[in-house]
Amino acid sequence: MFMDVKRPVIANGETQGLSDSVAAERLEKEGPNELPAAKPKSTLAIAAEVVSEPMFLLLIATGTVYLVLGSVEEAVALGVSILVIIGITLYQQTKTERTLQALRDLSSPRALVIRGGHKKRIAGREVVRGDILVLSEGDRVPADALVLSSVNLTAEESLLTGESMPVRKAVWDRESEMPRPGGDNVPAVFSGTLIVKGYGTALVAFTGPRTEIGKLGLALRDIGLENTNLERETRSLVRLFATVSVTLCVVVAVVYGLTRGSWLNGVLAALALAISLVPEEFPVVLTIFLALGAWRISRKRVLTRRVPAIEMLGSATVLCVDKTGTLTMNQMAVRRIAEASGHSRGEILAAAMFASGEDPVDPMEKALHQAALSHDESLSSAIAPFIREYPLSGELLAMSRVVDLTNDGVYDVFAKGAPEAIAQLCGLDTSEVAASAGEMAREGLRVLGVARTRIPKTSLPNSQRDFQFEFLGLIGLEDPVRGSAPEAVRECYTAGIRVVMITGDFPATAHSIARQIGLENPNESVTGPELAAMSDEDLGERVRNINVFARVLPEQKLRLVEAFKANGDIVAMTGDGVNDAPALKAAHIGIAMGGRGTDVAREAASLVLLDDDFSSIVAAIRLGRRIYDNLKKAMTYIFAIHVPIAGMSLLPVLFRLPLVLMPLHIVFLELVIDPACSTAFESEREHSNIMNRPPRNPAARLFDRKTIAFGLSQGFVLFLASLTAFLISLYRGQGALDARAISFTTLVLGNLALIWTNRSRTRTILELLGSPNIAVWAITAGTILFLGSTLYVPWARNLFQFSILHPNDLATCVLLALASVTWFEAAKVLRRANP
């Protein structure tokens, strides 16, 4: 034998597989089914990255200057502040890394296994030696395994062999050792390869690094943050800030040294300005928002495989969705049967059951089994050895199964499929069958034709068209609409998103479902054959008004995507099969089905719908809009707060006034700014009207002129307020300590006012007091407590070089801070009064 793999337990003809307890033991003993991959960043590695950032290098340099000047207390306080900031940043980065790792785990390939006699879909990393894999077309094989059963099972193994031609698989003889990949009729499948045809089961022999792909040392592709438009914008902005800050710092150092004669203090002032201008928040905020955004979306049962999709969610204008399983429950039941002359209800149901798999996964085949067994319980004990299957194809929407039902020298052949396809196989006039099928379809039923024939046990033909089938009748099945679908469709329309339904069903069935879910223009449709006959120009015109596409083949979805894109739409497209992959990849937002979808579809998609529910897509769009809105708020705030800090650092130097902000003061402000822009705004709830506005223009920039001008305006007003406090104090002859304390307090309180006012572009601060955001309240309380300590705890006051502020001084600070945002609060009210 090839290794210590227990033979599968066979009971009543069914493979039982491992028990959950045995599988758990093997997973613990042998490790997860993962290939060698880059290890997640350790806390120490993240800390090293944090310390090497320019901001912290500047702080370290500042602390060194303090020591040289003999200001030990300032140096120690700065050192403690550095540790606190490192702690905050470390927490944020570690949280982000954990989130990304959780997303990587979610995005790992899924596997369908048999555990304890039941099929169970698990993460690929949980597959263990001895598991029974259930493989079908479109699946990515999760481990090296020996084939136990095969129905035309064919795999593409170019990843291992370099040979692009798919190879057929044979059934393992239960004795031979594990073979190497390559060539036809090898009784094994290999990790990382793709099942392109047929289905079967296989016994896992090797997992993780012991597989063929593991021996080659290939690593799993991490799902990380990709280069997005936002990241490119951020990098450009950081470079601009860096250039400006370096220039201004040189100017400050030179001016201070020349005018005041102290070059070392000039360096200190320049370092303070540099700390105030370094825009380290931009990349941090972007990373945290996108990572936590993907995590939030995953909690809505939608997995983000490609982060740029988060940007695009708020821009989607057309949402193309499959009907079955997405708009409907995908839990079918037989509702009507139309028997052909001379045939009975039981005969039709039995034929439909034998034309389906023995242990079906497909909801339609499950319904046919259930209906047949309910009608005739004796069918449960019928033994029908499987001989061959003729699968459904794009040319003929029907499938046939050959079984040895009577063991009397004759095979029984059962067929089911689209009524017109079955009519063709039976040599009937398709129009007559289509009329009966159309009557059922108008009731919202999915209609199947059923046929049967018997042939001698000689060589089987190559095509099911070569059989002489007898038409038995039609079966109408119902797949009820999901309860959440109508409301989700209404929400899409309110949000300016057009919903388009694509199905392989009859137009009448599609029209019925379209009416039930509230689609616009539900009684008009384009069918697959009509689509095939159209030119690209004609199709482009038709898709402007048609919301129902029926009898559509999977490969025709790509044409629909291209047609919508040519009309300027931002397209989201759902799909689940191998043939859906091109359309999913071509769409701006490809959405694969996580439950019934193939691995190929999931790999081609940007998002994976874990529960196949249409309402989850709408929830993801809502979250995508919220993420972008909150990101814009955070970026506006970052622009705003750097203006007064830089201004109050630069102005006293240029005009030979007492210094207001020294490095320690700026570090204090950073302790407020960092959690505010990353945590407080990220956790802000969406606006009530978030789904009542049209999709965002995808060409719109996050850092557009309006956003930058708006942030700079807010910051400039706060700078004027802080400067006013400073000049008033000097005018009253209160001295440098008083002036510094008053202007700094105004700046800190104004900073809090900026945070609160930027939480919403429409609601005032008074209205926001009742809107829960724990992070904002925590930052507000912590800031006020810390500010009070610096003003009224003697050692802290001396450290910050403040004097005690009296009630009238505090009143001045509060009034100026509130005045700095009053204009924006007034603008909110005016905007609502004059929409």
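Run down Ala796, Ala827 and say which single residue is under 20 Å from Leu766 (Cβ atoms), among the small types (Gly, Ala, Ser) and in a helix (DSSP H, G or I). Residue meeting the stated conditions: Ala827.
As a summary of the residue check, Ala495 satisfies the conditions (1) in contact with a helix residue (DSSP H, G or I) (Cβ under 8 Å, 6 or more places away or on another chain); (2) at pLDDT 90 or above; (3) under 27 Å from Phe354 (Cα atoms) except for the one numbered (3). The listed residues are Ala441, Ala415, Ala423, Ala437, and the only one of them that is aliphatic (A, V, I, L, M), in contact (Cβ under 8 Å) with a residue 40 or more places away in the chain and closer than 15 Å to Pro391 by Cα turns out to be Ala415. Among the numbered conditions (1) open to solvent by less than 60 Å² (accessible area, probe 1.4 Å); (2) closer than 16 Å to Ile546 by Cβ, the only one that Val481 does not meet is (2).
Answer yes or no as to whether Ser743 is modelled with pLDDT of 90 or more and either on the phi < 0 side of the Ramachandran plot or surrounded by 17 or more Cβ atoms within 10 Å (Cβ to Cβ) (or both).
Yes: the conditions hold for Ser743.
Each residue in segment 674-694 was checked for being more than 21 Å from the chain's Cα centre (by Cα), among the small types (Gly, Ala, Ser) and either surrounded by fewer than 18 Cβ atoms within 10 Å (Cβ to Cβ) or outside any helix (DSSP H, G or I) (or both), and 1 pass.
Can you tell me how many residues within segment 805-835 are open to solvent by 80 Å² or more (accessible area, probe 1.4 Å) and in contact (Cβ under 8 Å) with a residue 24 or more places away in the chain?
The total comes to 4.
Could we say that Arg626 is surrounded by fewer than 24 Cβ atoms within 10 Å (Cβ to Cβ) and out of contact with any helix residue (DSSP H, G or I) (no Cβ under 6 Å at 6 or more places or on another chain) here? Yes: the conditions hold for Arg626. Does segment 613-621 contain at least one residue that is under 30 Å from Ala583 (Cα atoms), open to solvent by 10 Å² or more (accessible area, probe 1.4 Å) and over 12 Å from the mean Cα position of the chain (by Cα)? Yes, there is a match, as at least one residue in segment 613-621 is under 30 Å from Ala583 (Cα atoms), open to solvent by 10 Å² or more (accessible area, probe 1.4 Å) and over 12 Å from the mean Cα position of the chain (by Cα). Selection of first residues in segment 488-510 that are free of Cβ contacts under 8 Å to residues at least 60 places away in the same chain and among the acidic types (Asp, Glu) and of second residues that are open to solvent by 10 Å² or more (accessible area, probe 1.4 Å) and part of a strand (DSSP E or B), restricted to Cβ pairs under 7 Å at least 6 apart or on distinct chains, gives an empty result. Going through (1) in contact with a Phe, Trp or Tyr (Cβ under 6 Å, 6 or more places away or on another chain); (2) part of a helix (DSSP H, G or I) one by one, Thr453 falls short only on (2). Applying the criterion of being at pLDDT below 90 and assigned to a helix (DSSP H, G or I) to the residues of segment 368-386, the residue that is least open to solvent (accessible area, probe 1.4 Å) is Leu379. Can Met501 be described as open to solvent by less than 30 Å² (accessible area, probe 1.4 Å) and part of a strand (DSSP E or B)? So Met501 passes the test.
Residue pairs whose Cβ atoms lie under 6 Å apart, separated by 6 or more positions or on different chains, with the first residue in segment 750-778 and over 24 Å from Phe716 (Cβ atoms) and the second in a helix (DSSP H, G or I), are Ala775/Thr679; Ala775/Ala680. Which number in (1) open to solvent by 10 Å² or more (accessible area, probe 1.4 Å); (2) outside any helix (DSSP H, G or I) marks the one condition that Arg759 misses? (1) is the only condition that Arg759 fails.
Summed over segment 135-149, the residues that are surrounded by fewer than 21 Cβ atoms within 10 Å (Cβ to Cβ) and either of a type in the set (A, V, I, L, M) or free of Cβ contacts under 8 Å to residues at least 12 places away in the same chain (or both) give a count of 1.
Does segment 447-460 include one or more residues that are surrounded by 17 or more Cβ atoms within 10 Å (Cβ to Cβ), β-branched (Val, Ile, Thr), in contact (Cβ under 8 Å) with a residue 40 or more places away in the chain and within 18 Å of Ala550 (Cα to Cα)? Yes, segment 447-460 contains a residue that is surrounded by 17 or more Cβ atoms within 10 Å (Cβ to Cβ), β-branched (Val, Ile, Thr), in contact (Cβ under 8 Å) with a residue 40 or more places away in the chain and within 18 Å of Ala550 (Cα to Cα).
Against the condition of a type in the set (Phe, Trp, Tyr), closer than 27 Å to Glu137 by Cβ and open to solvent by 40 Å² or more (accessible area, probe 1.4 Å), how does Phe354 come out, does it pass? Here the answer is no, as Phe354 does not meet what is asked. Of the listed requirements (1) open to solvent by 10 Å² or more (accessible area, probe 1.4 Å); (2) part of a helix (DSSP H, G or I), Met440 misses just one: (1).
Just name the residue that is nearest to Val571 (Cα to Cα) out of those in segment 695-739 that are among the hydrophobic types (A, V, I, L, M, F, W, C) and in a loop (DSSP other than H, G, I, E, B). Restricting to residues being among the hydrophobic types (A, V, I, L, M, F, W, C) and in a loop (DSSP other than H, G, I, E, B), the top hit is Ala699. Here Tyr637 does not qualify as of a type in the set (Phe, Trp, Tyr), farther than 30 Å from Leu258 by Cα, under 31 Å from the mean Cα position of the chain (by Cα) and open to solvent by 10 Å² or more (accessible area, probe 1.4 Å). Tell me, which residue of segment 390-410 that is of a type in the set (Gly, Ala, Ser) and assigned to a strand (DSSP E or B) is nearest to Ala352 (Cα to Cα)? The extreme case among them is Ser400. Scanning segment 747-760 turns up no residue that is over 27 Å from Arg693 (Cα atoms) and at pLDDT below 90. Number of residues in segment 313-360 that are part of a strand (DSSP E or B), modelled with pLDDT of 90 or more and farther than 26 Å from Gly473 by Cα: the value is 4.
Apart from one condition, Ala563 fits all of (1) surrounded by fewer than 21 Cβ atoms within 10 Å (Cβ to Cβ); (2) over 20 Å from Thr328 (Cβ atoms); (3) touching a residue at least 24 places away in the same chain (Cβ under 8 Å); the exception is (1). Applying the condition of being in a loop (DSSP other than H, G, I, E, B) and over 23 Å from the mean Cα position of the chain (by Cα) to segment 96-140 and asking which residue is modelled with the lowest pLDDT yields Glu137. Taking the conditions (1) surrounded by fewer than 22 Cβ atoms within 10 Å (Cβ to Cβ); (2) of a type in the set (S, T, N, Q); (3) in contact with a Pro (Cβ under 9 Å, 6 or more places away or on another chain) in turn, Ser525 satisfies each one other than (1).
If the condition is being buried (at least 23 other Cβ atoms within 10 Å of the Cβ) and modelled with pLDDT under 70, then segment 243-268 contributes only Leu268. Reported count of residues in segment 648-659, each being in contact with a Leu (Cβ under 8 Å, 6 or more places away or on another chain) and either crowded, with 22+ Cβ neighbours inside 10 Å or not in a loop (DSSP other than H, G, I, E, B) (or both), is 6.
The values are calculated or read from the model by the stated rules, or taken from the named source; none is laboratory data. Just so you know, these numbers come straight off a predicted model, no measurement behind them. We place every Cβ from the backbone using ideal geometry, glycine too, and count neighbours over all the protein chains shown. All accessible areas refer to the heavy atoms of the entire protein, side chains included, with ligands and DNA or RNA removed. Shrake-Rupley method; radii C 1.70, N 1.55, O 1.52, S 1.80 Å.
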